[in-house]
1. Once both axes come from the Cα atoms, what is the angle between helix 176-191 and the longest principal axis of the chain, in degrees from 0 to 90, rounded to 10?
2. Can you give the helix-only mean residue ellipticity at 222 nm for the chain, where every DSSP H stretch with n ≥ 4 adds -39500 (n - 2.57) and the sum goes over all residues, rounded to the nearest 500 deg cm²/dmol?
3. In bins 10 Å wide, starting from 0, what share of all Cα pairs of the range 72-113 does each bin hold, as a percent?
4. So how far, in whole Å, is the C-alpha centre of the range 194-232 from the one of the range 114-144?
5. Using a Förster distance of 25 Å, how high is the FRET efficiency between Ile108 and Ser2, based on the Cβ-Cβ distance and rounded to 0.05?
6. Binning at 10 angstrom from zero up to the longest distance, how are the C-alpha pair distances of the range 28-160 distributed in percent?
7. Stick to Cα atoms and the Kirkwood definition of Rh, then tell me Rg/Rh for the range 88-235.
8. Need the list of lysines near Lys163 for cross-linking: C-alpha distance under 20 angstrom, and skip anything on the same chain fewer than eight residues off.
Amino acid sequence: MSAPPLLALRGIFKRFGAVHALADVELEIRGGQVVALVGDNGAGKSTLVKVIAGVDPADAGVIEWEGRPVHIGRPHEAQDLGIATVYQDLALCDNLDVVGNVFLGREIQRRGLLDEVEMERRTLQLLESLAIRLPSVRLPVASLSGGQRQTVAISRSLLGEPKLVLLDEPTASLGIEQTAQVLDLVEQLRERGHGVLLISHNMGDIKAVADWIAVLRLGRNNGFFDVTTTSHEQIIASITGASDNAVTRRATPGWEVET
């Protein structure tokens, strides 16, 4: 019998007044797996991320973590489970250096003073484990490139050793070289056994690193794709609604098969 997924969403609903942002959404993410969440603007991607992260709790449905039902009503409850979120705005402090940003809100103190030596040691250790190279961990993040800033934000999310990482448009507005840096880091996360939910509009990035693609359309599931066997045209058709979801789904529990 296979191990349960890290995260499973069963029949998730979320509404804002009369608007149903999410309706009966299902999703599974396993360790060592990158699942891309795609959909047109207004499809419900950001809302679903906020549900998982505890920012906007679901109105109905079941969230399972490692096979058991859990309640995620606040961000710290998601963090306590082992879920880390890196939002598109990164939430970095430009005037702080890399060490200060990695340990922001989790500063190490000794005798009432910041233990800068230990925080720098752990930062270097963390970056080395992810094969991230920066000019210096004492540079203000304002002086770093977009790709380097993104890697700092992702590295910070790993400080608490999460099992699942949510990445919201991590390559938006990045150049080719910077995008490659971030995608390399996503692959590192998978190799280390993390589950990754990647929200992106860039199909090239998705094809490069994702194992599965979950499509949302108008707040509902509209297809689960195996990246290796599904064409670009099928995915786009599911996103735009140009097909009746004629897509092969994964034949494992929680992922029905359609033809």
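1. On a 0 to 90 degree scale, this one is about 80.
2. After summing the helix terms and dividing by the residues of the chain, the value is -9000 deg cm²/dmol.
3. 23, 42, 31, 5
4. Measuring centre to centre over Cα atoms gives 32 Å.
5. 0.05
6. The distribution over the range 28-160 is 11, 35, 32, 19, 4, 0, given as percents.
7. 1.03
8. Lys50
Readers should treat all values here as calculations from the given coordinates under stated rules, not as data from a laboratory. Just so you know, these numbers come straight off a predicted model, no measurement behind them. We place every Cβ from the backbone using ideal geometry, glycine too, and count neighbours over all the protein chains shown.
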